[in-house]
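Enquirer: Quick one: structure below, then a few questions.
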Amino acid sequence: MNPPHAITLELVEVALRAAFGTGWRIRSQSPLVLGQDLDPEPDFAVMAGTPRGSGGHPTTADLVVEAADSSLDFDTNEKRLLYARAGIPEYWVVDINGRRLLVYRNPQAGDYAAHLALGSADIISPLAAPAASVRVSDLLV
């Protein structure tokens, strides 16, 4: 992992923890069991609850986030479709080299109906935390 990717992961984690606060789990690079042939280990999966008493890997998430430099094509194609088919309501890809945030929402018929590309000056509110605001610039190195 190159330094920009590692730093991006740190920045995303700080932003997610600030946006979601208590009552939310933010799992980093851990399995997400989607009941398909592949159980991905996304950079971040956010879901309501606490880790105590969970008893196993989660089977869904409210938000999945990937940081992508060399994996951008895979993350925006194969992984996007995997998460959409699993019904993950919102999927973000931090495009490290393009300095943007790609947002996918509203899974329907195996893909996301809404696709957004946000630049460093933009702000987004996660669907599961609509009162929160995340500045795209806070996610970028």
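Enquirer: So which pairs qualify, if the first residue must be in region 16-30 and over 18 Å from Ser133 (Cβ atoms) and surrounded by 13 or more Cβ atoms within 10 Å (Cβ to Cβ), the second must be among the charged types (D, E, K, R) and modelled with pLDDT of 95 or more, the Cβ gap must be under 8 Å, and the two must be at least 6 apart or on different chains?
Expert: Listed pairs, sorted by first residue: Ser28/Glu13; Ser28/Asp43.
Enquirer: Okay, moving on. Please pick out the residue among Leu81, Leu63 that is at negative phi and under 13 Å from the mean Cα position of the chain (by Cα).
Expert: Answer to the selection: Leu63.
Enquirer: Return only the number of the condition from (1) modelled with pLDDT of 95 or more; (2) assigned to a loop (DSSP other than H, G, I, E, B) that Met47 does not satisfy.
Expert: Against the list (1) modelled with pLDDT of 95 or more; (2) assigned to a loop (DSSP other than H, G, I, E, B), Met47 comes up short only on (2).
Enquirer: Please state which of the following conditions Met47 fails to meet, knowing it meets all the rest: (1) surrounded by 11 or more Cβ atoms within 10 Å (Cβ to Cβ); (2) farther than 15 Å from Tyr91 by Cα; (3) free of Cβ contacts under 8 Å to residues at least 24 places away in the same chain.
Expert: Here Met47 meets the rest and fails (2).
Enquirer: To continue, here is another question. Would you confirm whether or not region 69-80 contains a residue that is small (Gly, Ala, Ser), farther than 19 Å from Ser137 by Cα and part of a strand (DSSP E or B)?
Expert: no
Enquirer: Further, regarding this structure: Being farther than 24 Å from Met1 by Cα and free of Cβ contacts under 8 Å to residues at least 40 places away in the same chain is the filter; apply it to region 59-87 and report the residue that is surrounded by the most Cβ atoms within 10 Å (Cβ to Cβ).
Expert: Filtering first and then ranking leaves Ala61.
Enquirer: Residues of region 115-141 being among the polar types (S, T, N, Q) and either touching a residue at least 24 places away in the same chain (Cβ under 8 Å) or touching a helix residue (DSSP H, G or I) at 6+ places or on another chain (Cβ under 9 Å) (or both), which ones?
Expert: Matches in region 115-141: Ser120, Ser125, Ser133.
Enquirer: Can you tell me which residues in region 31-59 are hydroxyl-bearing (Ser, Thr, Tyr) and touching a strand residue (DSSP E or B) at 6+ places or on another chain (Cβ under 7 Å)?
Expert: Thr50
Enquirer: For region 7-30, which positions are part of a loop (DSSP other than H, G, I, E, B) and touching a Gly at 6+ places or on another chain (Cβ under 9 Å)?
Expert: Of everything in region 7-30, just one residue is part of a loop (DSSP other than H, G, I, E, B) and touching a Gly at 6+ places or on another chain (Cβ under 9 Å), namely Gly23.
Enquirer: Could you please find all residues in region 1-32 being of a type in the set (Val, Ile, Thr) and more than 18 Å from Glu90 (Cβ to Cβ)?
Expert: Listed by number, the residues that qualify are Ile7, Thr8, Val14, Thr22.
The values are calculated or read from the model by the stated rules, or taken from the named source; none is laboratory data. It should be emphasised that the depicted structure is a prediction, and the values quoted were computed from it without experimental measurement. All Cβ positions, even for glycine, are placed from backbone atoms using ideal geometry, and neighbour counts span all protein chains on display.
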